[in-house]
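Just so you know, all these numbers are worked out from the coordinates, no wet-lab data involved. Keep in mind the model is a prediction, meaning the values are calculated, not measured. For neighbour counting, all protein chains shown are included, and Cβ atoms are generated from backbone atoms with ideal geometry for every residue, glycine included.
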Amino acid sequence: MTDTTTEATRLPLMFQPITLRGLTVKNRIVVSPMSQYSAVDGAPTDWHLVHLGKFASGGAGIVFCEETSVSERSRKTYDCPGIYTDAQAKAWRRVTDFIRGQGAAAAIQLGHAGRKVATRAPWDGFAPLGPADAEAGRPPWSGLAPSPIPFKEGAMAPKEMDRDDIRHVIQLHVDAAKRSLDAGFDICEIHGAHGYIIQQFLSPITNHRTDGYGGDIEGRMRFGLELIEAVRAAWPADRPLFFRGSCVDGRGGIWSMDDTVVLAGRLKERGVDVFDCSSGGIEGPLTLHVVPRVPGYHVPFARRIRKEVGIQTMAVGLIREAEQAESYLQAGDCDFVALAREMMWDPNWPVHAAAALGVPNPHNLLPRNYSWWLQKRVETLALASSQQTQ
Ligand SMILES: Cc1cc2nc3c(=O)[nH]c(=O)nc-3n(C[C@H](O)[C@H](O)[C@H](O)COP(=O)(O)O)c2cc1C
């Protein structure tokens, strides 16, 4: 009989399974959310199936779908996906069936862009939609936010949220979480980073409220914490809940790591399993905390939160090399390593990382349709090399 436990622990940590609540993930490599601006009527398309499918067949343990909106009004662009209709949930089901069929966990990132809505795509500089777009059938619309401050010059001012709006937006997240379950997702992440609505409440740059949802950090955290409590109650107890936070504002903000440690502690108390460490997204008049883009640039944040709060963490940001990723896990800086652009460059990154770390027969991480042939490739190459040396 094979002792699978011993075999698993002989693997590099990155390739050892990990259990979160009722979900066991085959390894600690995560495909980070990557917006594609390719949805139609808020539903994922063939592009999403191929884009995400290749990461699942490439061996990652968790495949995150991109930020997916909880309502039509909260989308960044007309081409962003959502999960606010049953038709959208059905379209996601096709994608999650494929991801899970490859042995990966399917994760959704639920988002509400708040004031950051009605923009063009990144390759058009996220410019606010204007008269030319309206003429082309894409009129701008106004978002919702804690305070009526436009996110950019030329953008429409968002509506300042009243108590009913707050209740409604929380309910939209609950409904989206329930639909995510129907759509076959194993993991739900709430997008609290990158200037989305939760961060708009957290940051004093965007939250000028004088009621119980503004003011000191307790007031500014209140919306996000109420939202998390509601989603946790709706998302099954045996499925993990992640939260992506901007550990520091990154560009112009005054939200610090000390604040993030407080927030992460409150999230943990409310049943968040993993704090996904990112940064940035709120712009303002100050110039604090620019996070230099060095390899693993969010790892120090993940380390501190994991150590001080005792919550599992995920690090992202220029993680490219196998040894680099493994070293963060071995050092106890994080429990998961997430990659975005590197996965675009090499969707089979997990296989190549396994090879670099000396995992025997790394091609076996790929589906049998490939791995059987790649074993033949190994044998053929060995034969060719022995014939050359004769
Ligand atoms: C094309 C693209 C789209 C992205 N979309 C999202 C998104 O939907 N949600 C999110 O939280 N981060 C998004 N990000 C940020 C990534 O998830 C990741 O945090 C960032 O790119 C840093 O990781 P990397 O250095 O491995 O690319 C996106 C990044 C890229 C390159």
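How many nm is it between the label spots at R100 and R21, if each spot is 7 Å from the Cα in line with the beta carbon?
Modelled inter-label distance: 1.4 nm.
Return the distance in nm (one decimal) between the two label points of a simple spin-label model at D46 and S142, each offset 7 Å from Cα along Cα→Cβ.
4.1 nm
Give the residue from G42, G111, L263 lying farthest towards the positive end of the charge dipole for region 4-355; charges sit on Cβ (+1 for Lys and Arg, -1 for Asp and Glu) and the dipole is referred to the Cα centre.
L263
Rank-order 15-23, 215-223 by packing density, defined as the average count of other C-beta atoms within 10 Å over each peptide's residues, highest first.
Averaged packing, sorted descending, gives the order 215-223, 15-23.
Place the peptides 119-130, 68-79, 94-105, 230-241 in order of packing, highest mean first, counting for every residue the other Cβ atoms within 10 Å and averaging per peptide.
The most tightly packed comes first, giving 68-79, 94-105, 230-241, 119-130.
Give the distance, in whole Å, between the Cα centre of region 359-380 and the Cα centre of region 258-282.
40 Å
Looking at the chain as a GNM with Cα springs under 10 Å, which of D273, D133, D86 has the largest mean-square fluctuation?
D133
Can you list which of the DSSP-assigned H helices in the chain have a Cα extent of 24 Å or more along the long axis and an average Kyte-Doolittle score of at least -0.5?
The qualifying helices are 217-234.
Count charges around S38 for me, please; just the other residues with Cβ under 11 Å from its Cβ, Lys/Arg as +1, Asp/Glu as -1.
Net charge around S38: -3.
Could you calculate the FRET efficiency of W372 with T85 from 1/(1 + (r/R0)^6), where r is the beta carbon distance between them and R0 is 45 Å, rounded to 0.05?
The pair W372/T85 has a calculated efficiency of 0.65.
Give me the net charge of L13's neighbourhood, meaning all other residues with Cβ under 10 Å from the Cβ of L13; Lys, Arg count +1, Asp, Glu -1.
Result for the local shell: -1.
So if I take the alpha carbon set of region 79-230, get Rg, then get Rh from the Kirkwood formula, what is the Rg over Rh ratio?
When Rh is taken as the Kirkwood radius, the ratio is 1.01.
Of S38, S57, S371, which is the most mobile in a GNM of the chain whose springs link Cα atoms less than 10 angstrom apart?
So, out of S38, S57, S371, the one fluctuating most is S371.
Take the Cα pairs of the chain, get the Kirkwood Rh, then feed it into Stokes-Einstein at 20 °C and 1.002 mPa s and tell me D in µm²/s.
99 µm²/s
Express in whole angstrom the spacing between the alpha-carbon centres of region 56-114 and region 305-322.
23 Å
How much net charge surrounds Q171 when only other residues with a Cβ under 14 Å from its Cβ are counted (Lys, Arg +1; Asp, Glu -1)?
0
At R0 = 41 Å, how high is the FRET efficiency between Q324 and A233 if r is their beta carbon distance? Nearest 0.05 is fine.
Plugging the Cβ-Cβ distance into 1/(1 + (r/R0)^6) gives 0.60.
Calculate log10 I(q)/I(0) of region 186-325 for q = 0.17 Å⁻¹, where I(q) comes from the Debye formula with a single equal point scatterer on each Cα and nothing for solvent.
For region 186-325, the Cα-only Debye profile gives -0.90.
I want to verify a result. In a Gaussian network model of the chain, Cα cutoff 10 Å, which of these has the top mean-square fluctuation: E283, E67, E269?
Among E283, E67, E269, the largest GNM mean-square fluctuation belongs to E269.
Go through K116/K268; K116/K159; K116/K307; K76/K152; K26/K76 and tell me which ones have a Cα-Cα distance over 23 Å in this structure.
Violating the 23 Å Cα-Cα cut-off are K116/K268; K116/K307; K26/K76.
What length, rounded to one decimal in nm, is gained on full extension from R293 through to L11, with 0.36 nm per residue of separation minus their alpha-carbon distance?
98.5 nm
Counting DSSP beta bridges in region 4-355, what percent are antiparallel, to the nearest 5?
10 percent
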